[in-house]
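*Asks:* Got a structure here, written out as structure tokens. Questions coming.
Please treat every number below as a calculation from the coordinates, not as lab data. Since the model is a prediction, treat every value here as computed from it, not as a measurement. Ideal geometry is used to build each Cβ from the backbone, glycine not excepted, and the neighbour counts take in all protein chains shown.
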Amino acid sequence: MPGDGGQRGPDAKQEGAGASLERGDGPGSDRPGAGSGRTVLRAFAIVSQLGFTVAAGAVAGALAGYGLDGWLGTSPAFVIVGLLVGIAGGAMAAYRTVMEFLREK
């Protein structure tokens with residue numbers, strides 16, 4: 001209504017939490033100037049992936065070493081070597097993932 005001090009009528013659209021999503025410029029939007037929510041979610045995804053990458057490398061290396069130890073009849077020598085090689089491989093993969101993420105930014 002005119003002269004109501006800026007108050008909105010019942011048909012006016014409320015500017016609430018979902019308004020940015022309705023406009024398409026919310027956290028998941030690809031529009032320029034949109035919120036940085038998409039970048040934050042991608043960063044969280046990368047961080048959670050890093051732990052799994054290093055752990056999977058370590059487990060794969062240890063299992064390969066265990067298999068070699070059983071086949072060759074040796075003590076835990078290859079388990080230790082496989083574990084170290086797996087950790088190093090997982091760390092290298094994690095490093096590449098982080099560098100790729102930083103390049104995209």
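*Asks:* Could you tell me which residue of segment 72-105 is surrounded by the fewest Cβ atoms within 10 Å (Cβ to Cβ), considering only residues that are over 16 Å from the mean Cα position of the chain (by Cα) and polar (S, T, N, Q)? Before the answer, list the steps.
*Replies:* Step one: list which residues in segment 72-105 are over 16 Å from the mean Cα position of the chain (by Cα), which gives 72-89, 92.
So of that shortlist, the ones also polar (S, T, N, Q) come out as 74-75.
Working: THR74: 12, SER75: 9.
The qualifying residue surrounded by the fewest Cβ atoms within 10 Å (Cβ to Cβ) is SER75.
*Asks:* Continuing with this model, one more query. Find the residue count for segment 91-105, including only residues that are of a type in the set (Lys, Arg) and either in a helix (DSSP H, G or I) or free of Cβ contacts under 8 Å to residues at least 40 places away in the same chain (or both). Quick ask: steps written out before the conclusion?
*Replies:* Filtering segment 91-105 down to residues of a type in the set (Lys, Arg) leaves 96, 103, 105.
In the following step, the residues that additionally are either in a helix (DSSP H, G or I) or free of Cβ contacts under 8 Å to residues at least 40 places away in the same chain (or both) were identified as 96, 103.
Count: 2.
*Asks:* Condition test on VAL59, is it without any contact (Cβ under 8 Å) to a residue 40 or more places away in the chain and of a type in the set (Val, Ile, Thr)? Break it down into steps so the answer makes sense when it comes.
*Replies:* Details: without any contact (Cβ under 8 Å) to a residue 40 or more places away in the chain: yes; of a type in the set (Val, Ile, Thr): yes.
Yes; evaluated as a whole, the condition is true for this residue.
*Asks:* Kindly establish whether LEU68 is surrounded by 15 or more Cβ atoms within 10 Å (Cβ to Cβ), in contact with a Phe, Trp or Tyr (Cβ under 6 Å, 6 or more places away or on another chain) and outside any loop (DSSP other than H, G, I, E, B).
*Replies:* Details: surrounded by 15 or more Cβ atoms within 10 Å (Cβ to Cβ): yes; in contact with a Phe, Trp or Tyr (Cβ under 6 Å, 6 or more places away or on another chain): yes; outside any loop (DSSP other than H, G, I, E, B): yes.
Taking the combined requirement at face value, the residue satisfies it.
*Asks:* Here's a follow-up. Being surrounded by 13 or more Cβ atoms within 10 Å (Cβ to Cβ) and among the small types (Gly, Ala, Ser) is the filter here; which residues of segment 37-65 pass it?
*Replies:* The answer is GLY37, ALA43, ALA55, ALA56, GLY57, ALA58, ALA60, GLY61, ALA62, ALA64, GLY65.
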